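Attaching a single structure in structure tokens format; questions to follow.
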């Protein structure tokens, strides 16, 4: 996961950031309901900040193993760099 984040930061695009934020919002809404998204995400928040906050609440409420599985699901299939896919 850390290598995926590093690759994404190295070639950050608005499309990738938007997709990451959408996936994180969906996961938060799935596990905690739509009001939780409004609590977790602040206006203008960068994708990596939302990732950090989402990871924290997932770990606290679901446990470390489940939080890691959810994070893996968020990153699955996202294109980070042209021609490369996050695994």
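Which of the peptides 42-52, 19-29 is most tightly packed, and how do the rest follow, judged by the mean count of other Cβ atoms within 10 Å per residue?
So the peptides 42-52, 19-29, ranked by packing, come out 19-29, 42-52.
If you count, for each residue, the other Cβ atoms within 10 Å and average over each peptide, how do 65-75, 31-41 line up from highest to lowest?
Answer by packing, highest mean first, reads 65-75, 31-41.
Just so you know, all these numbers are worked out from the coordinates, no wet-lab data involved. Fair warning: this is a prediction, and the values are worked out from it, not measured in the lab. So basically every Cβ, Gly included, is an ideal-geometry build from the backbone, and we count neighbours across all protein chains shown.
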